[in-house]
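Here is the structure we will look at.
Laboratory data are not the source of any read-out in this text; all were calculated from the coordinates shown. In this text, all values refer to a predicted model and were calculated from it rather than measured experimentally. FYI the Cβ positions are ideal-geometry reconstructions off the backbone, even for glycines, and counts take in every protein chain you see.
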Amino acid sequence: MQTIFVMVKCELGRSYEVADAAVQSIQEVSEVYSVSGQYDLIMKFHLDAAVDIGRFVNHSVQTLPGVKDTFTLITFKAFA
């Protein structure tokens, strides 16, 4: 299992629409948060080890209507 975070810039006025679309259409989504700063949303995904992260983000996240840009963070280890 691999965990990634994708920061998303949305077209103006569409961040809630993008968040709803991600939750409804992407099975691997764990959490979606609205955030302040350079990006509008941060999305957390749990992917099978064999999943190609680049293809996943390209096909599942960047194609959501209203997504303008993404920045992907790949995690290594979770600390409790």
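General observations
- Normalised by residue count, the chain yields a Cα convex hull volume of 94 Å³ per residue.
- Distance between the modelled labels on residue 25 and residue 71, one decimal in nanometres: 2.4 nm (7 Å Cα→Cβ projection).
- The simple spin-label model puts a point 7 Å past each Cα toward its Cβ; for residue 2 and residue 63 those points are separated by 1.9 nm.
- For region 6-12, 3J(HN,Hα) computed residue by residue from phi via the Karplus equation (6.51, -1.76, 1.60; θ = phi - 60°) reads 10, 8, 10, 9, 10, 4, 3 Hz, glycine and proline entered as x.
- Per-residue Cβ neighbour counts within 10 Å put 56, 5, 76 in the sequence 76, 5, 56, beginning with the fewest.
- The phi torsions of region 65-70, fed into the Karplus equation with coefficients 6.51, -1.76 and 1.60 and a -60° offset, translate into couplings of x, x, 7, 9, 7, 9 Hz, rounded to whole numbers, with Gly and Pro shown as x.
- Cβ crowding within 10 Å ranks 43, 7, 1 as 1, 7, 43, fewest other Cβ atoms first.
- With respect to the chain, whose longest principal axis is taken over its alpha-carbon atoms, helix 15-25 is tilted by about 40°.
- The phi torsions of region 46-63, fed into the Karplus equation with coefficients 6.51, -1.76 and 1.60 and a -60° offset, translate into couplings of 10, 10, 4, 4, 7, 6, 7, 4, x, 5, 4, 4, 4, 8, 9, 9, 5, 8 Hz, rounded to whole numbers, with Gly and Pro shown as x.
- Calculated FRET efficiency for the pair residue 17/residue 78, C-beta based, R₀ 41 Å, to 0.05: 0.85
- All lysines inside 19 Å of residue 9 as judged from Cα atoms, apart from same-chain residues fewer than 8 positions distant: 44, 68
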